[in-house]
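In what follows, a single structure is set out as structure tokens and then discussed.
The values are calculated or read from the model by the stated rules, or taken from the named source; none is laboratory data. The structure displayed is predicted, hence computed values, not measured ones. Neighbour counts run over all protein chains shown; Cβ positions are idealised from the backbone, glycine included.
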Amino acid sequence: MKRNRPWKFAVCAVVLCVVLAGCGSGGGAGGKGTNKPASSGSSETGGDTAAPGDGDVIKVGILHSLSGTMSISEVSVKDSELMAIQEINAKGGVLGKQLVPVMEDGASDWPTFAEKARKLISENKVVTVFGGWTSASRKAMLPVFEELNGLLWYPVQYEGLEASPNIFYTGATTNQQIVPAVSWLLENRGKRFFLLGSDYVFPQTANKIIKEQLKAEGGELAGEEYTPLGHTDYSTMIAKIQKAKPDVIFNTLNGDSNVAFFKQLKDAGISASDITTLSVSVAEEEIRGIGVDVLQGHLAAWNYYQTTDTEANQAFVDHYKKAYGKDRVTADPIEAGYIAVYLWAAAVEKAGTTEVGAVKEAAKGLELDAPGGKVKIDGDNQHLYKTVRIGEVQADGQFKELWNSGEPVKPDPYLKDYAWAASLSTP
Amino acid sequence: MEITIIQLFNGLSVSSILLLIALGLAITFGLMNVINMAHGELIMIGAYSTYLTQTIFSSYLPSSMFNAYFILAIPISFMIAFAFGLLLEGTLIRFLYGRPLDSLLATWGIALMLQQLARTIFGAPNVAVKSPAWLDGGLKLMDGVVLPYKRLFIIGLVALTLIIMFFYIYRSNAGRRMRAVMQNRDMAACLGISTRRVDAMTFAIGSGIAGIAGCALTLIGPIGPALGTYYIVDAFMVVVLGGVGKLIGTIFGALGIGLTNTMFEYWTTASLGKVLVFLCIVAFLQWRPKGLVAMKTRALD
């Protein structure tokens, strides 16, 4: 009897694994159709399958979290980057060669990002990498790219105060999102600001900037609160907000906390007409997970919405939905990842080589009619000129644009052009 | 004044949520001594069951019936989590009784597998559950004091669950057998109780209650593959503070943590509040290592 046990246990463990694995693949294929795209075409290669190095192809790296908490956001960016690569391949590739993406999983773990970046550059010999989402993952990869002289395209809005020679930033920096949003709110919605954010680097840096700006532009700080990442009960926070009576809540919460916050805000009887909430990390994707009914009327600041009215955007949205399912939505970081691939391809065509120094040189001043409007690479800090847009959530889960900056705004990651920001940055 | 009332209510509400997520664990960990790291994922299963019920209702039944889905979602969540619990117990947990370290690792592995399973089936992004219309809004006590119906509903649901559990454990034959096995397994076996069946049943019931918790949490929180990880620490905290092995201790544990947490969070900040609560718990457990309500048992262990 006793001797029997380990055997039984082993058998059961194996059976369990098989059952779970079976369920997994069954579920994926059975197809809610929404999530995992059927791997279309043959251009996707797994991490280790080395493509032939005979010079007919160009290998590029894609490094996002495909598992763990951040996969919520990053999987969609990976999808749009793959789509851009497929589109470019269909048109004949870059320099007459097909692009072969080499995918790695950052697993929502910052040291893993650094390690995989090193592997992509040193072992897989990719010529560039598209990847990252959180600032922590970017900061982890930065020394690797600088050491090995690689090239990283980072597609997400971030807190600024950085400009690495080996990174191109295709998301917004602070003066293309937060600063204009604060000015707009001061003009249109009221002076009393309540700053609510998750307790880590991006919200704290952003709020430091906002506080300086409020001082300079005549705003008033009603309160400033941070909650731990993954916080799920906002009842006390909402009581504090009710007591502070702000006109505007500037929301820099990240991830799932947004869901809890907005649901509970509505339950407490506070709607968008009572207090405006402007978020900087709630886009179309997040709206689907939070529920339109609780978000309707609240605002967000981005450079791109699915509803943005440009010719390039119509084609982009069509392709994206065709490739990954009708009920998928596009959003700002998804667009930023998509244009990153095109910008890199254009720079390589111009340089005539994939060598990093030449590509960087060629990228200076490069322009592109992106889905979110015209963008241009700034030669000095390798950020993009982008149009700022403020949108309001509609009943269908899409944004209605209330305001835009009219023309692409010059990126200014260190806020050098703002007198009030002098105390913030010592680059 | 208004703030005091609101904060008292918030404290009560947080306590009720903590109690709901800890009740299932109070059975699987408290009574059975299985360090069940997959408890959070059973909550997640409950939440996704609610999502599925909602989806079925909105696509196959007339929209006039939509508001009723939530009532049905509660037993469905229970049943699905119950079935998962039964499967888990039968295939894995039963080989690990009395081996706490092994069960910790194994259930943690199960937790990761279940998370990835949810990610494969439902996708990595969160899904939205639309709460029924009759739970929108709140009860207005006075100017500036609104008690959301959802939170009142959760308090009611917790009370109901507690009452049913009380009758099951202390007033039914099955409950009596369960207590007998947990208190003195060998003696119970001698008297002809099938301890295997009781173990399986107990674990499944604990899992089922986690499913109910998941269902209730869809009203106020996110529904995603990582949902369980947000609640697992709190759940263990409540059970350990309350005293392992006693349901009444779990109730007091939840009340204590919920009320002090909202108080500290209001006076300081969310992060500092949590730290202070942890400090209090550590200090308290130094003073009374067995928790608020210590279990008296005749078992020799």
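One table, with the values for the structure above:
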{"read-out": "Members of the range B:234-246 found to be farther than 17 Å from B:GLN286 by Cα and more than 12 Å from the chain's Cα centre (by Cα), listed by number", "value": "B:GLY245, B:LYS246"}
{"read-out": "Members of the range A:372-427 found to be under 22 Å from the mean Cα position of the chain (by Cα) and on the phi > 0 side of the Ramachandran plot, listed by number", "value": "A:GLY373, A:GLN382, A:GLY397, A:LEU415"}
{"read-out": "Residue check, B:LEU87 hydrophobic (A, V, I, L, M, F, W, C), without any contact (Cβ under 8 Å) to a residue 12 or more places away in the chain, touching a helix residue (DSSP H, G or I) at 6+ places or on another chain (Cβ under 9 Å) and surrounded by fewer than 23 Cβ atoms within 10 Å (Cβ to Cβ)", "value": "yes"}
{"read-out": "Residue identified as within 30 Å of B:PRO148 (Cα to Cα) and either buried (at least 21 other Cβ atoms within 10 Å of the Cβ) or in contact with a helix residue (DSSP H, G or I) (Cβ under 6 Å, 6 or more places away or on another chain) (or both) among A:SER198, A:SER135", "value": "A:SER198"}
{"read-out": "Among the residues listed as A:VAL341, A:VAL359, A:VAL409, the single one being in contact (Cβ under 8 Å) with a residue 40 or more places away in the chain, of a type in the set (Val, Ile, Thr) and outside the structural domain of A:LYS91 (by TED's automatic domain parsing)", "value": "A:VAL409"}
{"read-out": "Selection from the range B:208-233 of residues that are within 11 Å of chain A (Cβ to nearest Cβ), touching a residue at least 40 places away in the same chain (Cβ under 8 Å) and either over 19 Å from B:ARG119 (Cβ atoms) or more than 14 Å from the chain's Cα centre (by Cα) (or both)", "value": "B:LEU219, B:ILE220, B:PRO222, B:ILE223, B:GLY224, B:PRO225, B:ALA226"}
{"read-out": "Long-range neighbours under 6 Å by Cβ, at least six apart or interchain, first residue more than 14 Å from every other protein chain (Cβ to nearest Cβ) within the range B:1-29, second surrounded by fewer than 24 Cβ atoms within 10 Å (Cβ to Cβ)", "value": "B:ALA26/B:LEU247"}
{"read-out": "Yes/no for A:PRO203 being in contact with a Gly (Cβ under 9 Å, 6 or more places away or on another chain) and of a type outside the set (Phe, Trp, Tyr)", "value": "yes"}
{"read-out": "Residue within the range B:122-131 that is touching a Phe, Trp or Tyr at 6+ places or on another chain (Cβ under 6 Å) and away from every other protein chain (no Cβ under 12 Å) present", "value": "no"}
{"read-out": "The lone exception for B:LEU105 - which of (1) within 9 Å of another protein chain (Cβ to nearest Cβ); (2) over 20 Å from the mean Cα position of the chain (by Cα) it fails", "value": "(1)"}
{"read-out": "Which numbered condition A:ASN381 fails, given (1) assigned to a loop (DSSP other than H, G, I, E, B); (2) in the same structural domain as A:GLU284 (by TED's automatic domain parsing)", "value": "(2)"}
{"read-out": "Single residue of the range B:30-61 satisfying the filter (of a type in the set (Gly, Ala, Ser) and over 14 Å from the mean Cα position of the chain (by Cα)) that is farthest from B:ILE232 (Cα to Cα)", "value": "B:SER59"}
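To keep it simple, each residue is scored yes or no on (1) at pLDDT 95 or above; (2) within 18 Å of B:ILE223 (Cα to Cα); (3) crowded, with 18+ Cβ neighbours inside 10 Å.
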{"site": "B:THR55", "(1), (2), (3)": "no, yes, no"}
{"site": "B:TYR60", "(1), (2), (3)": "no, no, no"}
{"site": "B:PHE82", "(1), (2), (3)": "yes, no, yes"}
{"site": "B:LEU96", "(1), (2), (3)": "no, no, yes"}
{"site": "B:LEU117", "(1), (2), (3)": "no, yes, yes"}
{"site": "B:ASN126", "(1), (2), (3)": "no, yes, yes"}
{"site": "B:ALA133", "(1), (2), (3)": "no, no, no"}
{"site": "B:ASP136", "(1), (2), (3)": "no, no, no"}
{"site": "B:LEU141", "(1), (2), (3)": "no, no, no"}
